[in-house]
Amino acid sequence: MTEDELRAAVAAGVLRSEEGHQELLRSIVTVARAIFHARASSIFLLDEESDELVFEAIAGEGSESLIGTRFPSSTGIAGWVLVTRQPLVLEDVSEDPRFAKDAAEATGYVPKGLMAVPLLHEERALGVLEVLDRPARPGAALEEIELLGLFAAQAAVALDLLQAARRARTVLEGSGKELSNLARFAGAVDRLEDDRRAAGLELLAALEKLLGGESRAAGPPGSSALRP
């Protein structure tokens, strides 16, 4: 198999992996919206390089137009939940100074109430899961936030896998045999399970650090072919 054929095969596998993780995120927000009888549910991914939150998956209001929309990571309720790593339930967002009305209006949908939980994976804050305008049940907030936390755990794993797939895709867009081999290895690691996957990810991180350092040494300051 030639290098071009190898790259094509690996790229196809990475693309399928990325699409699969995105589909899982869409399923999570769809089920969360249904469980809570909410008007909308959304997952935000933290883009660490730009320090922005990105609409990654949406069910309900704005589901067609908002995917990929970005805003500063410190913005509004989502930003507060991300920074503090604390869940939050608000029955009337207009009474809370943390609510960014301008940002909400820019999306075309201003909620009355919301629940939000951070998406945490191995001590990393990956994003935020929100449920908007579910029917309020007096005294049920604690029970509901615990249930939403279960969705958040699954979403965090899916986001982590999605980021890994995107890192592999970025590597494929680089150059050099070493990067091609690393992309192939990343795709194989992504298919492992449990302890084997954890060990593979640890080795992949070490390889990325090594190659990323070499890339930065050869390129402009702050550049790396391995950055997502």
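The values are calculated or read from the model by the stated rules, or taken from the named source; none is laboratory data. Because the structure is a prediction, the values reported are computed rather than measured. In this analysis, Cβ positions are derived from the backbone assuming ideal geometry, glycine residues included, and neighbour counts consider all displayed protein chains. Calculation scope for accessible area: heavy atoms of the full protein, side chains included, ligands and nucleic acids excluded. Shrake-Rupley method; radii C 1.70, N 1.55, O 1.52, S 1.80 Å.
Of note:
- When residues of the range 56-78 are limited to those that are within 14 Å of the chain's Cα centre (by Cα) and surrounded by 21 or more Cβ atoms within 10 Å (Cβ to Cβ), the one nearest to Met115 (Cα to Cα): Ala78
- Some residue of the range 80-97 being open to solvent by less than 90 Å² (accessible area, probe 1.4 Å), over 13 Å from the mean Cα position of the chain (by Cα) and at positive phi: no
- Near pairs, Cβ below 6 angstrom, 6+ apart or cross-chain, from the range 146-167 (in the same structural domain as Glu130 (by TED's automatic domain parsing)) to any residue that is open to solvent by 30 Å² or more (accessible area, probe 1.4 Å) and at pLDDT 80 or above: Ala156/Leu120; Ala156/His121; Asp160/His121
- Flag if Ala32 is assigned by TED's automatic domain parsing to the domain that holds Leu129, touching a Phe, Trp or Tyr at 6+ places or on another chain (Cβ under 6 Å) and either modelled with pLDDT of 90 or more or within 28 Å of Arg137 (Cα to Cα) (or both): yes
- Residue pairs meeting the criteria (Cβ under 9 Å; at least 6 apart or on separate chains; first free of Cβ contacts under 8 Å to residues at least 12 places away in the same chain, in the range 130-144; second surrounded by 13 or more Cβ atoms within 10 Å (Cβ to Cβ)): Arg137/Glu144; Leu142/Val89
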